[in-house]
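Asker: There's a structure below that I have some questions on.
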Amino acid sequence: MGIGSRIAGVGSFVPPRVYENKDLEEMLDTSHEWIIQRTGIERRHWVDPKTSTSDLALEASLKAIKNAGLEKSDIDMIILATLSPDHDFPGTGCFLQAKLDLPTITVLDIRQQCTGFIYGISVADKFVKSGSHKNILVVGAEVHSKGLDKTPRGRGVSVLFGDGAGAVIVSQTEVNDPLVDSHILTTHLHADGSFAKELWLPAPGMAFEGNERFSQEIIDEGLHYPQMNGKVVFVHAVKRMAECLTAACKEMGVSFADVDCFLFHQANLRINSKVAEVLGLDESKVFNTIQDYGNTTAATIPLGMDKAIEAGKLKKGDLVASAAFGSGFTWASALWRY
Ligand code: UT7
């Protein structure tokens, strides 16, 4: 078949501090029962005040490089996906590059939110197949906790999100037998910007009338906190994830029964159960991590992959099907043999 790309290494990192649902009850006027029933989340990890997104990304990256059996110097490109950057600019990928001490290699930031990691491996796959790069570090990393409204006003969103990072190395490989050899089979990427304001962070930004990107009004209205129309997002997430997963499998002539592990984005346990129900998937093959980490956006899928391997639910040679949905709206799917 020729030159392809494969996921050659995986790593993840979550900050040590755990917040159980009950730890949020008073702060957010919520309850463990509400959170568990509506989302499946039991706890999430939140950083200490000194930690940034690139700090989490660094830890996950070093683990992924080691897991791939590579040296840092073998990495020739960094792709970093996050919606919670260290700073507005430059991209967090540049801060990670400096922390990894890998000057001059290509760095690309991806802004596709929960779908960012699948966009990232898709771009990496294409760069590797083009022959221009050989070992690409693809990272999803998020520090949500510092950007959430931690008052009862924000409870509809703030209970959902956790901090963390996941990373993989996408490396060049020779694919002789697609049924056996480790490689990325396909990726499907989509977006519909007409729903951009159903899940977004309005401020700060240049779209506000006036000469300043920040104002007292923005702070008073809480526009610097994420806003979400949860029900609309839920319905679209189920529909689009099912749709793009089906399309990827169809394109590759793979049946759902052929898939060994489904790694879905983790926004709500009910979303993933619904996708499994709609598609008739064997739910025991759907690996969920939301219980322990909440929604870690771009970090979710590589973090999930690492945890699935750790749990013995994903082994070398297994066929993985992944799908994600998030702000944008964006959605994507990917199939790879690990
Ligand atoms: O990764 C990005 C993609 N994000 C998603 O996919 C999220 C998709 N959406 C969801 O997962 C769900 O819509 C949520 C979990 C966010 C919300 O669940 P819901 O069943 O849609 O609840 P709701 O927003 O309609 O709220 C129901 C009730 C409301 O009270 P009333 O009006 O019925 O009296 C809310 O005020 O629950 C109340 N509520 C809460 N109560 C306790 C909302 N948040 C909370 C909370 N604790 N944290």
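The numbers here are math on the coordinates, done by the rules we state, and not lab data. Model, not experiment: these values are computed from the prediction. Don't worry about glycine lacking a Cβ; one is built from the backbone with ideal geometry, like all the others, and counts go over all protein chains shown.
Asker: Could you tell me which of rounded, prolate or oblate describes segment 227-333, using a ≥ b ≥ c as the square roots of the eigenvalues of the alpha-carbon gyration tensor, with rounded for a/c under 1.5 and, failing that, prolate when a/b is larger than b/c and oblate otherwise?
Answerer: Oblate is the answer for segment 227-333, as a/c is 1.5 or above yet b/c matches or exceeds a/b.
Asker: Ok, one more. Search the structure for amide H atoms under 5 Å from the amide H of His144, placed 1.01 Å from N in the peptide plane, and list their residues when 5 or more places away or on another chain.
Answerer: Asp163, Gly164
Asker: Taking the Cα atoms of segment 97-220, report the difference between the largest and smallest coordinate on each principal axis, in whole Å and largest first.
Answerer: 59, 33, 28
Asker: Among Val175, Gly193, Leu137, whose Cα sits farthest toward the positive end of the charge dipole of the chain (+1 at Cβ of Lys/Arg, -1 at Cβ of Asp/Glu, about the Cα centre)?
Answerer: Positive-end residue among those listed: Val175.
Asker: Does segment 204-257 come out rounded, prolate or oblate, given a ≥ b ≥ c as the square roots of the eigenvalues of its C-alpha gyration tensor, rounded meaning a/c under 1.5 and, failing that, prolate meaning a/b above b/c?
Answerer: Cα axes put segment 204-257 in the prolate bin.
Asker: How about Lys231: which aspartates and glutamates have a C-alpha closer than 18 Å to its C-alpha, ignoring those fewer than 8 places off in the same chain?
Answerer: Within the straight-line limit of under 18 Å, Lys231 reaches these aspartates and glutamates: Asp192, Glu198.
Asker: Tabulate in residue order the Karplus-calculated ³J(HN,Hα) for segment 15-29, using 6.51 cos²θ - 1.76 cosθ + 1.60 with θ = phi - 60°, rounded to whole Hz; enter x for Gly and Pro.
Answerer: Those phi angles translate into x, x, 6, 9, 10, 6, 3, 5, 5, 9, 3, 6, 4, 10, 6 Hz.
Asker: Restricting to the chain, what percent of DSSP beta bridges are antiparallel, rounded to 5?
Answerer: Antiparallel bridges make up about 70 percent of those DSSP assigns within the chain.
Asker: Put one equal scatterer on each alpha carbon of segment 176-287, apply the Debye formula with no solvent term, and list log10 I(q)/I(0) at q = 0.14, 0.16, 0.17, 0.23 1/Å to two decimals.
Answerer: -0.73, -0.85, -0.90, -1.31
Asker: Okay, moving on. If r is the Cβ-Cβ distance from Thr104 to Ile3 and R0 is 22 Å, what FRET efficiency results, to the nearest 0.05?
Answerer: 0.35
Asker: May I pose another question? Bin by bin, in steps of 20 Å, what percent of the Cα pairs in the chain do you find, going until the bin that has the longest distance?
Answerer: 33, 59, 8, 0
Asker: Rounded to the nearest angstrom and ordered from largest down, what semi-axes does the equivalent ellipsoid of segment 2-175 get from its C-alpha gyration tensor (root of 5λ)?
Answerer: 33, 16, 14
Asker: Among Thr51, Ala311, Gly294, whose Cα projects farthest towards the positive end of the dipole of the chain, with charges put on the beta-carbon of Lys, Arg (+1) and Asp, Glu (-1)?
Answerer: It is Ala311.
Asker: Given labels modelled 7 Å from the Cα in the Cβ direction, how far is it in nm from Ala311 to Asp29?
Answerer: Taking the two extended label points, one gets 3.5 nm.
Asker: Can you find, among Val233, Leu281, Gly210, the residue sitting farthest towards the positive end of the charge dipole of segment 203-338, where Lys and Arg contribute +1 and Asp and Glu -1 at Cβ?
Answerer: Leu281
Asker: Grab the beta carbon distance between Arg111 and Val232, set R0 = 22 Å, and tell me the FRET efficiency rounded to 0.05.
Answerer: Taking R0 as 22 Å, the efficiency between Arg111 and Val232 is 0.55.
Asker: Name the shape class, rounded, prolate or oblate, that the alpha-carbon gyration tensor gives for segment 1-91, where a ≥ b ≥ c are the square roots of its eigenvalues, rounded holds for a/c under 1.5, and otherwise prolate holds if a/b is larger than b/c and oblate otherwise.
Answerer: prolate
Asker: In whole Hz, with x marking every Gly and Pro, tabulate ³J(HN,Hα) for segment 42-55 from phi via Karplus 6.51 cos²θ - 1.76 cosθ + 1.60, θ = phi - 60°.
Answerer: Values, residue by residue: 10, 7, 8, 9, 10, 6, 7, x, 8, 8, 10, 4, 5, 5 Hz.
Asker: So if I place +1 on the C-beta of Lys and Arg and -1 on the C-beta of Asp and Glu, and nothing else carries charge, what would the dipole magnitude of the chain be about its Cα centre? I want it in debye, nearest 20.
Answerer: Charge dipole, the chain, about its Cα centre: 460 debye, nearest 20.
Asker: Where nothing but the Cβ of Lys and Arg (+1) and of Asp and Glu (-1) is charged, how large is the charge dipole of segment 1-103 around its Cα centre, in debye to the nearest 20?
Answerer: It works out to roughly 380 debye.
Asker: Let me ask something else. Through the Karplus equation 6.51 cos²θ - 1.76 cosθ + 1.60, θ set to phi - 60°, convert the phi angles of segment 169-182 into ³J(HN,Hα) values in whole Hz; use x for Gly and Pro.
Answerer: Ordered by residue, 3J(HN,Hα) equals 10, 9, 10, 5, 8, 9, 9, 9, 10, x, 7, 10, 6, 5 Hz.
Asker: What distance in nm separates the simple spin-label points at Lys150 and Phe256, each placed 7 Å from Cα in the Cβ direction?
Answerer: Reported label-point gap for Lys150 and Phe256 is 4.1 nm.
Asker: Next up: Pull up all non-local amide H partners of Gly294: gap of 5 or more, or a different chain, and H-to-H distance under 5 Å with H placed in the peptide plane.
Answerer: Excluding prolines and chain starts, which carry no amide H, the hits are Glu42, Arg43.
Asker: Sequence-distant or interchain residues sharing an amide H contact under 5 Å with Lys134, placed H: which?
Answerer: Asp76
Asker: Add -39500 (n - 2.57) for each DSSP H run of 4 or more in the chain, then divide by its residues: what number comes out at 222 nm, to the nearest 500 deg cm²/dmol?
Answerer: Result for the chain, helices only: -10000 deg cm²/dmol.
Asker: Separate question: Using alpha carbon centroids, what distance separates segment 107-145 and segment 220-242, in Å?
Answerer: Their Cα centres are 23 Å away from one another.
Asker: List the pairs from Lys129/Lys197; Lys63/Lys274; Lys134/Lys315; Lys126/Lys146 whose alpha-carbon separation is above 25 Å, in the order I gave them.
Answerer: Going by Cα-Cα distance, Lys129/Lys197; Lys63/Lys274; Lys126/Lys146 fall outside the 25 Å limit.
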